[in-house]
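The values are calculated or read from the model by the stated rules, or taken from the named source; none is laboratory data. These numbers come from a predicted model, not from an experiment. All Cβ positions, glycine included, derive from the backbone under ideal geometry; neighbour counts span all protein chains shown. Areas reflect the complete protein model, heavy atoms only, side chains present, ligands, DNA and RNA absent. Shrake-Rupley method; radii C 1.70, N 1.55, O 1.52, S 1.80 Å.
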Amino acid sequence: MENLEQRTVEELKRGYCYDREQGCYYCLECGERFEEGEVFCLGGRFFEAGRAVKAHCRLAHGSRLEAVLAGESKYLALTAGQQELLRALAAGLTDAQIAQKSGTALSTVRHQRFSLREKAKRAKLYLAVYELAMEGKAEMDNLIPIHR
């Protein structure tokens, strides 16, 4: 996945982004481009660029959750157990079903779910603080120095 630091959370979740300057959408996994104004044939159907990139991501790369988990990014610090729990949660399994499937105690599954929620809260707060700091830096960079 290219330029992770330049992508929004929504773009990372979708798997594609829009380049205003180029007037096209592109897939974050493989870089395939879908230019506005063109029609694309995917899976025997025709789509305009915005819908084509969505269809491409689904058909070429499957589940977005699986694509991100398989990406082996140094920024995604999840254990194999946490990844399996996230897959089970995404599949809609209950805590009891997850416990039975994984052979662990129900309380362990609940604790792991709680830990993941706490990790998400920390990440969200960090992201807000970081973005505020960068906005402040950008405002300071735009100041014109006062001459004597």
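List the pairs whose first member sits in the range 5-23 and is in contact (Cβ under 8 Å) with a residue 24 or more places away in the chain and among the small types (Gly, Ala, Ser), whose second member is assigned to a helix (DSSP H, G or I) and surrounded by 15 or more Cβ atoms within 10 Å (Cβ to Cβ), and whose Cβ atoms are under 8 Å apart, counting only residues at least 6 apart or on separate chains?
These pairs meet every condition: 15/57; 15/61; 15/64; 15/67.
For the range 64-93, which positions are closer than 14 Å to residue 112 by Cβ and either of a type in the set (Gly, Ala, Ser) or surrounded by 12 or more Cβ atoms within 10 Å (Cβ to Cβ) (or both)? Let's see the steps before the verdict.
Step one: list which residues in the range 64-93 are closer than 14 Å to residue 112 by Cβ, which gives 78-89, 93.
If the condition is that a residue be closer than 14 Å to residue 112 by Cβ and either of a type in the set (Gly, Ala, Ser) or surrounded by 12 or more Cβ atoms within 10 Å (Cβ to Cβ) (or both), then 78, 80, 81, 82, 83, 84, 85, 86, 87, 88, 89, 93 are the ones that fit.
Restricting attention to the range 23-35, does a residue exist that is touching a strand residue (DSSP E or B) at 6+ places or on another chain (Cβ under 6 Å), more than 29 Å from residue 123 (Cα to Cα) and open to solvent by 40 Å² or more (accessible area, probe 1.4 Å)?
Yes, the range 23-35 contains a residue that is touching a strand residue (DSSP E or B) at 6+ places or on another chain (Cβ under 6 Å), more than 29 Å from residue 123 (Cα to Cα) and open to solvent by 40 Å² or more (accessible area, probe 1.4 Å).
Assuming residue 107 fulfils every condition listed in (1) more than 30 Å from residue 32 (Cα to Cα); (2) hydroxyl-bearing (Ser, Thr, Tyr); (3) open to solvent by 90 Å² or more (accessible area, probe 1.4 Å) apart from one, which condition is it?
It fails just one condition, (3).
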